[in-house]
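Report on the structure given below.
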Amino acid sequence: MNERLNYYEEKMKKAYNHLEMDYSTIRAGRANPHVLDRIKVDYYGTPTPIQQVGNITVPEPRMLQIAPWEKSMIKAIEKAIMASDVGITPSNDGAVIRLVFPELTEERRKDLVKDIKKKAEDGKVAVRNIRRDGNDAFKKLVKEEVSEDEVKELQDKLQKLTDKYIKDIEKLMDEKSQEIMKV
């Protein structure tokens, strides 16, 4: 019984973790190396995460510095950053690439909060879809070897899991929104 419930809990946890990952790439006016997590650089014909071709540091609160392990990679890294949705133009001095994060305007902060809320809503929808799939699967068990009471118990537990993950998503959304709106 519990292994069936664990399967759906695992799926809900993945939906939550995906949202958390998405939020880590949203920048709040401060330099955060995670904004580069999704960027892949053409490394000798192979798309490679930017973290694997250089060292990323935060020398100042609003600046990221990328020191490529091979000087020849500077142009490829700059090209990958320009092609991404980071929205920052890189500059280099021949040895390192610098990304300077501008202060966020009030309007931009509000747009980011809207985006955060939309992503949270998508996460909640994903959790509810998992609950629906679980409930459908549990109803089919009645035809097999499981009593209606056991199915009802599974559905109740699944609803409690759903409520927990939706509450967690809302908490995560509130925290990220406050972080963005903080000047």
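The values are calculated or read from the model by the stated rules, or taken from the named source; none is laboratory data. Computed from a prediction, not measured in an experiment: that's the story for all the values here. Counting neighbours? That spans all protein chains shown, and the Cβs are built from the backbone with ideal geometry, glycine included. Ligands, DNA and RNA are excluded from the accessible area calculation, which covers all protein heavy atoms including side chains. Shrake-Rupley method; radii C 1.70, N 1.55, O 1.52, S 1.80 Å.
Remarks
- Meets criteria (in a helix (DSSP H, G or I) and either of a type in the set (S, T, N, Q) or open to solvent by 60 Å² or more (accessible area, probe 1.4 Å) (or both)) for ASP85: no
- Within region 125-153, the set of residues being open to solvent by less than 60 Å² (accessible area, probe 1.4 Å) and of a type in the set (A, V, I, L, M, F, W, C) comprises ALA126, VAL127, ILE130, ALA137, PHE138, LEU141, VAL142, VAL146, VAL151.
- Residue within region 37-50 that is in contact with a Phe, Trp or Tyr (Cβ under 7 Å, 6 or more places away or on another chain) and either farther than 15 Å from ILE66 by Cα or in a loop (DSSP other than H, G, I, E, B) (or both) present: no
- Exactly one residue out of ILE50, ILE26 is surrounded by 14 or more Cβ atoms within 10 Å (Cβ to Cβ), under 14 Å from ILE81 (Cα atoms) and modelled with pLDDT under 90, and it is ILE50.
- Inter-residue pairs, beta-carbon under 9 Å, first closer than 18 Å to LEU64 by Cβ and in region 99-111, second outside any helix (DSSP H, G or I) and basic (Lys, Arg), 6+ apart: VAL100/ARG62; PHE101/ARG27; PHE101/ARG30; PHE101/ARG62; PRO102/ARG62; GLU103/ARG62; LEU104/ARG27
- Evaluation of LYS118 against (1) closer than 24 Å to GLN159 by Cβ; (2) at pLDDT 90 or above (one fails), failing number: (1)
- Of the residues making up region 172-183, those that are aliphatic (A, V, I, L, M) and open to solvent by less than 60 Å² (accessible area, probe 1.4 Å) number 3.
- If only residues of region 123-150 that are under 24 Å from the mean Cα position of the chain (by Cα) and without any contact (Cβ under 8 Å) to a residue 60 or more places away in the chain are counted, the one that is nearest to LEU64 (Cα to Cα) is LYS124.
- Within region 154-171, the residues that satisfy the criterion of being in contact (Cβ under 8 Å) with a residue 60 or more places away in the chain and either of a type outside the set (Asp, Glu) or open to solvent by 90 Å² or more (accessible area, probe 1.4 Å) (or both) are LEU154, LYS157, LEU158, LEU161, THR162, TYR165, ILE169.
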